[in-house]
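The values are calculated or read from the model by the stated rules, or taken from the named source; none is laboratory data. If you're wondering where the values come from, they're calculated on a predicted model, not measured in any experiment. Note that each Cβ is placed from the backbone with ideal geometry, even for glycine, and that neighbours are counted across all protein chains shown. We work out accessible area using only protein heavy atoms, side chains counted, and drop any ligands, DNA or RNA first. Shrake-Rupley method; radii C 1.70, N 1.55, O 1.52, S 1.80 Å.
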Amino acid sequence: MSQSQETLSNLLQETRRFAPPAELAESANVKAEAYDEAAEDRLGFWARQAERLTWSKRWDDVLDWSNPPFAKWFVGGELNVAYNCVDRHVEAGKGAKVAFHWEGEPGDSRTLTYAELQREVNKAANALLELGVAKGDRVAIYLPMIPELPISMLACARIGATHSVVFGGFSADALRTRIDDAQAKLVITADGGYRRGQASALKPTVDEAVEQTPSVGNVIVVRRTGQEVAQNERDLWWDDVVDRQSDEHTAEPMDSEHPLYILYTSGTTGKPKGILHTTGGYLTQVAYTHHAVFDLKPETDVYWCSADIGWVTGHSYIVYGPLANGATSVMYEGTPNTPHQGRWWEIIQKYKVSIFYTAPTAIRTFMKWGDDIPAQFDLSSLRVLGSVGEPINPEAYVWYREHIGAGRTPVVDTWWQTETGGIMISPLPGVTEGKPGAAMRPLPGIAADVVDDQGEPVPNGGGGFLVVKEPWPSMLRTIWGDDERYVKTYWSRFEGLYFAGDGAKKDEDGDLWLLGRVDDVMLVSGHNISTTEVESALVSHPKVAEAAVVGATDPVTGQAIVAFVIPRGSAGDVEGEDFLKELRDHVSKTLGPIAKPRQIMIVPELPKTRSGKIMRRLLRDVAENRSIGDVSTLADSTVMDLISEKLPSAK
Ligand code: 6R9
């Protein structure tokens, strides 16, 4: 693919630049010098960041890269992740500080201070030990967004058990494959959780999954909804087994490379990949990036990341990064429109959230629901806004900044992956002059670039493949049980470079713009066109809330652009041919005639994963009139029916 020559220039008319507010720039945790410091001595820079943590034994070497691509960071060092996330804050006299303001969907709430969290984690750790879970064993966690989820993760970390958190929305089959692949000894689940105003059951899914997983000895069940559950011999109630334990436990130091967790990425085809993260390097990078990218001031900020912990964003930026930094966080169980469409803004108002981290899919949904909803709440506590998960369209960026951030707050668009463990590319809120839609620069200490198909860096103005050129502390160490697949998947496309599937371009200033997965790039009459750019052009039309674009086989052009569009709530008449023509012309005017969609379909919803990513594969099935493929990782499996109903030809 010669994306370097063919990428369309982004003419999305949004040329505004947003400088950091003066006060933030002045007091920022990380200033511009950090880039130079890291460039001068990258390993020395990361060693200084590792000093944010408390080590039981200092490392001998910062990095061992003698057997690439298998990295070892902080070699010989020892530390305990749970100690770093909890105990040391209590020992420093901050036991009364709130770790989590937890908000249940039905309106119940629970506050956990660091001291309370420590007692809960200790009890859970003692329960795991009593059940025979030992250092190195794997524990599967299948819980809703309730406090027992971070407590269970930390309890595992405390005793050196490797956790594998599985999204509460996944099916029995998906859960079974993940339990099996990791050979988990124990499953921690709940009777159910609340979503969309209803108690939704979890336990039956576990029962079905573990029927065929001989590795599992016990299932611990948290009582959340009070739903009736089947009682099997292996089942134990959390209340019975955890509550009676001693709340004291001494954390055991782990080797810096001890496996902390496995997190499965679904991928579009084939067996899910168990991404393995380890201890010292991982915690160093998530703590540093959380401090740098969000400018966290632990004494005064209230931080909220709206992701689900079943996704890597929740692992790194609800649990490990914020807790390592001693932050006060909000954690919310449910959906954004329960019981009303202002629920998130109500939560921000209630807890005076100052740093908020969410995904473009959520932002576009709020745009669709209307500006008047956030306008009803006091959001003046906010000072930094973050985005993750997909490219943020310039339109969504500006809406987020204006309607949520009152036109004041920097927006940090953070690019990273399950595999990278922590943020890699992002503005720094006190340094970077932000551009709507751009992830800007690799963070200090990160060597990322855009290369052409020969692996050579593209010049400014060029596009190609996003790669990482040097190992980084929170990088995946392997795919669980499959070193060969690790090498093949990530390190074989370009000699000596990490490549994980994203296209990007460098603008004239050398700033980075993410263009989506290269698998999604369309080839129209010999031109490579990125789905992201066409989607952003559509979303920049005032009547469009969300758009997804795919390339469908076309006898004339090779591939033709097919767009699926959700109109904004306030858009009025959007059914007629005139509107579709207006949209096609708008794209043509914005990006050039080559990017004009052949076909636009108005739909009520788009198929998304639980982490909010559009599943273009399913839309391609629709666009090419095929029967629709595997929908098991969709957040809402009925969405494809809704789309098919609107488009009878697509059934
Ligand atoms: C953290 C997370 C990784 C993929 C990644 C890319 C997309 C994430 C992005 C972004 C553009 C951003 N992605 N953040 N694309 N701009 N700020 O999302 O991990 O679920 O593994 O997904 O998500 O395509 O390769 P994960």
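I'd like the accessible area for ARG401: 1.4 Å probe, protein heavy atoms, all chains in place, Å² to the nearest 10.
20 Å²
What's the Kirkwood radius of segment 525-646 in Å, using all Cα pairs? Walk me through the intermediate numbers first.
Working: mean 1/r = 0.0680 Å⁻¹.
Taking the inverse mean of 1/r over all distinct Cα pairs, segment 525-646 comes out at 14.7 Å.
How far, in degrees from 0 to 90, does helix 148-159 lean away from the longest principal axis of the Cα atoms of the chain, to the nearest 10?
60 degrees
Just the accessible area for ARG224, please: 1.4 Å probe, Å², rounded to the nearest 10?
Surface open to solvent at ARG224 totals about 40 Å².
Using Stokes-Einstein with the Kirkwood hydrodynamic radius over Cα pairs, what translational diffusion coefficient do you get for segment 22-504 at 10 °C and a viscosity of 1.306 mPa s, in µm²/s rounded to a whole number? Write out the running numbers ahead of the final one.
On the way: Rh = 22.8 Å.
D = 70 µm²/s.
Does anyone have the angle between helix 114-130 and the longest principal axis of the chain? Alpha-carbon axes, 0 to 90°, nearest 10?
70 degrees
Which three numbers, in whole Å and largest first, are the semi-axes of the equivalent ellipsoid of segment 461-618 derived from its Cα gyration tensor as √(5λ)? Mind dumping the intermediate values first?
Details: eigenvalues 222, 63, 47 Å².
Semi-axis lengths for segment 461-618 are 33, 18, 15 Å.
In segment 525-646, how many lysine pairs have Cα atoms under 20 Å apart, counting only pairs 8 or more places apart or on different chains? Working shown, then result.
On the way: LYS543/LYS581; LYS543/LYS589; LYS543/LYS596; LYS543/LYS646; LYS581/LYS589; LYS581/LYS596; LYS581/LYS646; LYS608/LYS646.
So the count works out to 8.
If you roll a 1.4 Å probe over segment 410-504 with all protein chains in place, what percent of the accessible area is carbon or sulfur?
Numbers: 1180 of 2760 Å².
Here it works out to 43 percent.
Restricting to Cα pairs below 8 Å that are 6+ residues apart, what does the relative contact order work out to for the chain? Please round to a whole percent. Could the numbers behind the result be given before it?
Working: 1458 pairs, mean separation 91.2, N = 651.
After rounding, I find 14 percent.
What whole-number distance in Å separates the alpha-carbon centres of segment 129-208 and segment 543-578?
So the two Cα centres are separated by 40 Å.
Pull out the extension gain between ALA201 and GLN376, defined as 0.36 nm times the separation in residues minus the alpha carbon to alpha carbon distance; nm, one decimal. Walk me through the numbers before you get to the answer.
On the way: separation 175, 0.36 × 175 = 63.00 nm, distance 3.36 nm.
Length gained, ALA201 through GLN376: 59.6 nm.
By the scheme Lys and Arg +1, Asp and Glu -1, what is the net charge of all other residues having a beta-carbon under 10 Å from that of LYS613?
Around LYS613, the charge tally is +3.
Report, for the chain, the % of DSSP beta bridges that are antiparallel, rounded to 5. Before the final figure, lay out the partial values.
Working: 57 of 96 bridges.
Antiparallel: roughly 60 percent of the beta bridges in the chain.
Magnitude of the Cβ-charge dipole of the chain, K/R +1 and D/E -1, about the Cα centre, nearest 20 debye? Intermediate values should be presented prior to the final figure.
Values: 65 positive and 90 negative charges, 85 e Å.
About 400 debye.
Distance between Cα centroids, segment 413-486 to segment 301-319: provide it in whole Å.
20 Å
So which aspartates and glutamates pass the test for LYS123, namely a Cα distance under 12 Å, with those fewer than 8 places away in the same chain ruled out?
Once the sequence-local aspartates and glutamates are set aside, what remains near LYS123 is GLU148, ASP239, ASP240, ASP243, ASP247, GLU248.
Sorted by packing (mean other beta-carbon atoms within 10 Å per residue), highest first, where do 320-329, 583-592, 290-299 land? Numbers along the way, then the final one.
Numbers: 320-329: 26.0, 583-592: 18.7, 290-299: 21.6.
The packing order, highest mean first, is 320-329, 290-299, 583-592.
Can you give the net charge of the other residues whose Cβ lies under 13 Å from the Cβ of ASP519, counting K and R as +1 and D and E as -1? Intermediate values should be presented prior to the final figure.
Numbers: positive: ARG493, ARG517, LYS613, ARG616, ARG617, ARG620; negative: ASP502, ASP520.
Summing Lys and Arg as +1 and Asp and Glu as -1 gives +4.
Using a Förster radius of 51 Å, what is the FRET efficiency between ASP239 and ASP41 based on their Cβ-Cβ separation? Nearest 0.05, please.
Details: r = 52 Å, r/R0 = 1.02.
E between ASP239 and ASP41, to the nearest 0.05, is 0.45.
Can you give the net charge of the other residues whose Cβ lies under 13 Å from the Cβ of LEU129, counting K and R as +1 and D and E as -1? Display every interim value, and only then the final one.
Numbers: positive: LYS123, LYS135, ARG158, LYS185; negative: GLU130, ASP137, GLU248, GLU252.
Once positives and negatives cancel, what remains is 0.
Residues of the chain: accessible area per residue at 1.4 Å, in Å²? Don't jump to the answer; show the numbers that get you there.
Numbers: 23330 Å² over 651 residues.
Value returned for the chain: 36 Å² of accessible area per residue.
Quick one: angle between helix 360-369 and the longest Cα principal axis of the chain, in degrees between 0 and 90, rounded to 10, please.
In the chain, helix 360-369 runs at an angle near 60 degrees to the longest axis.
Any idea which of LEU512, LEU538, GLY464 is furthest toward the positive side of the dipole for segment 459-562, if Lys and Arg beta-carbons carry +1 and Asp and Glu beta-carbons -1?
Positive-end residue among those listed: GLY464.
For every helix of n ≥ 4 consecutive DSSP H residues, a contribution of -39,500 (n - 2.57) applies; sum these over the chain, divide by its total residues, and give [θ] at 222 nm rounded to the nearest 500 deg cm²/dmol. Write out the running numbers ahead of the final one.
On the way: 20 runs with 175 residues, N = 651.
Helices in the chain give a 222 nm mean residue ellipticity of -7500 deg cm²/dmol.
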